[in-house]
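All remarks here apply to the structure that follows.
The values are calculated or read from the model by the stated rules, or taken from the named source; none is laboratory data. Given the structure is predicted, the values throughout are model-derived calculations rather than measurements. Virtual Cβ from ideal backbone geometry, glycine too; neighbours counted across all protein chains shown.
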Amino acid sequence: MLRIKECYEPLVDIKKLCPGLKIDIGPRRTKKERKAYFRKTVAEMICRAKNELPKGITFIIGDAWRPQYVQEEIMQGFIQRFSKKYPHWSKDRVLQEANKFVASSDGKYASGHMTGGAVDLRLLRNSRKVPMKSSKLTYQENAKPFQSKLPHYIQQNRELLFNALKKVGFSNSPREYWHWSYGDIWWAKRTKKKVAIYGVIKSIS
């Protein structure tokens, strides 16, 4: 049975360790919360992964540590998105679909973002976002890490991202190509560990 044994590693501002990254965290947070905070080990891993990328390419960080209220807002956003796109679905069916992409905001299986162990990221080349998805596919199809319907060049872009992150020890969510983690309970589950080392951090100290 999976359990969490908190190691009490601190959150750090990754820009202080790795200034070459681009941070693009949404506006729904306070100014302080829009900085990219990670557990120290995770921040160092991201820095090492960045050094695995070809010259001229870096990471754009879309999300890092996440407060509980943001996690709850994201869930509501997905419920609204799927309700609008699939008006014939029941409320239970909509919630079931949303749960595939948004973890709980509390409890043992709370979002890895709330632990500081998860990162959402993409690639940036010469200050421009590297193509990672297709406008011809649905959100669910684009989110799938290994998507054969994507053009070959986009699959290659994803492979570049994946190889750098895997090399330093990150584990990828099977449902979201951009979501990677280390140390949280979802990482433990995917990598068949018995113990996760990061639990939820409720606020930035």
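State whether one or more residues within the stretch 78-92 are within 17 Å of the chain's Cα centre (by Cα) and either surrounded by fewer than 16 Cβ atoms within 10 Å (Cβ to Cβ) or in a loop (DSSP other than H, G, I, E, B) (or both). Reasoning before the result, please.
Step one: list which residues in the stretch 78-92 are within 17 Å of the chain's Cα centre (by Cα), which gives 78.
Within this subset, residues satisfying the condition of being either surrounded by fewer than 16 Cβ atoms within 10 Å (Cβ to Cβ) or in a loop (DSSP other than H, G, I, E, B) (or both) are none.
No: the stretch 78-92 contains no residue that is within 17 Å of the chain's Cα centre (by Cα) and either surrounded by fewer than 16 Cβ atoms within 10 Å (Cβ to Cβ) or in a loop (DSSP other than H, G, I, E, B) (or both).
Return yes or no: is Arg48 in a loop (DSSP other than H, G, I, E, B), touching a Lys or Arg at 6+ places or on another chain (Cβ under 9 Å) and on the phi < 0 side of the Ramachandran plot? Give the derivation first.
Values: in a loop (DSSP other than H, G, I, E, B): no; touching a Lys or Arg at 6+ places or on another chain (Cβ under 9 Å): yes; on the phi < 0 side of the Ramachandran plot: yes.
No: the conditions fail for Arg48.
Checking Gly62 against (1) over 15 Å from the mean Cα position of the chain (by Cα); (2) modelled with pLDDT of 95 or more; (3) not in a loop (DSSP other than H, G, I, E, B), which single condition isn't satisfied?
Going through (1) over 15 Å from the mean Cα position of the chain (by Cα); (2) modelled with pLDDT of 95 or more; (3) not in a loop (DSSP other than H, G, I, E, B) one by one, Gly62 breaks only (1).
Could you grab the pairs with beta carbons closer than 6 Å, sequence gap of 6+ or different chains, first residue in the stretch 10-36 and under 20 Å from Gln71 (Cβ atoms), second one crowded, with 16+ Cβ neighbours inside 10 Å and of a type in the set (Ser, Thr, Tyr)?
Leu11/Tyr37
Taking only the stretch 153-205 into account, find how many residues are surrounded by fewer than 19 Cβ atoms within 10 Å (Cβ to Cβ), touching a residue at least 60 places away in the same chain (Cβ under 8 Å) and not in a loop (DSSP other than H, G, I, E, B).
Residues in the stretch 153-205 being surrounded by fewer than 19 Cβ atoms within 10 Å (Cβ to Cβ), touching a residue at least 60 places away in the same chain (Cβ under 8 Å) and not in a loop (DSSP other than H, G, I, E, B): 5 in total.
Let me confirm something: among Phe38, Phe82, Phe78, which residue is in contact with an Asp or Glu (Cβ under 6 Å, 6 or more places away or on another chain) and among the aromatic types (Phe, Trp, Tyr)?
Details: Phe38 fails: in contact with an Asp or Glu (Cβ under 6 Å, 6 or more places away or on another chain); Phe78 fails: in contact with an Asp or Glu (Cβ under 6 Å, 6 or more places away or on another chain).
Only one candidate passes the filter, namely Phe82.
Restricting to the stretch 177-205, what's the tally of residues that are in contact with a strand residue (DSSP E or B) (Cβ under 8 Å, 6 or more places away or on another chain), farther than 11 Å from Gly117 by Cα and of a type outside the set (A, V, I, L, M, F, W, C)?
4
Looking at Ser104, Ser148, Ser135, which is the one that is closer than 18 Å to Glu73 by Cβ, among the hydroxyl-bearing types (Ser, Thr, Tyr) and out of contact with any Asp or Glu (no Cβ under 9 Å at 6 or more places or on another chain)? Before you say what the answer is, go through the steps one by one.
Working: Ser148 fails: closer than 18 Å to Glu73 by Cβ; Ser135 fails: closer than 18 Å to Glu73 by Cβ.
Residue meeting the stated conditions: Ser104.
Among the hydrophobic types (A, V, I, L, M, F, W, C), over 22 Å from Met114 (Cα atoms) and in contact (Cβ under 8 Å) with a residue 40 or more places away in the chain: which single residue out of Ile61, Ile57 fits that description?
Details: Ile61 fails: over 22 Å from Met114 (Cα atoms).
That would be Ile57, the only listed residue that is among the hydrophobic types (A, V, I, L, M, F, W, C), over 22 Å from Met114 (Cα atoms) and in contact (Cβ under 8 Å) with a residue 40 or more places away in the chain.
For the stretch 149-205, give me each residue that is at positive phi and more than 17 Å from the chain's Cα centre (by Cα).
Filtering the stretch 149-205 down to residues at positive phi leaves 169, 183, 192.
Listed by number, the list holds a single entry, Lys192.
Examine the stretch 107-126 for a residue that is in contact with a strand residue (DSSP E or B) (Cβ under 7 Å, 6 or more places away or on another chain), over 18 Å from Lys40 (Cβ atoms), surrounded by 13 or more Cβ atoms within 10 Å (Cβ to Cβ) and of a type in the set (Phe, Trp, Tyr), and state whether such a residue exists.
Among the residues of the stretch 107-126, not one is in contact with a strand residue (DSSP E or B) (Cβ under 7 Å, 6 or more places away or on another chain), over 18 Å from Lys40 (Cβ atoms), surrounded by 13 or more Cβ atoms within 10 Å (Cβ to Cβ) and of a type in the set (Phe, Trp, Tyr), which makes the answer no.
Determine whether the stretch 186-202 contains at least one residue that is closer than 28 Å to Ile4 by Cα and at pLDDT below 95.
Taking the stretch 186-202 as the starting set, the residues that turn out to be closer than 28 Å to Ile4 by Cα are 186-202.
In the following step, the residues that additionally are at pLDDT below 95 were identified as 202.
Yes.
Restricting to the stretch 93-137, name every residue that is assigned to a loop (DSSP other than H, G, I, E, B) and within 30 Å of Gly56 (Cβ to Cβ). Working first, answer last.
Of the stretch 93-137, the ones assigned to a loop (DSSP other than H, G, I, E, B) are 99-103, 105-109, 111, 116-117, 126-127, 130-137.
Answer for the stretch 93-137, where residues must be assigned to a loop (DSSP other than H, G, I, E, B) and within 30 Å of Gly56 (Cβ to Cβ): Gly116, Gly117, Asn126, Ser127, Val130, Pro131, Met132, Lys133, Ser134, Ser135, Lys136, Leu137.
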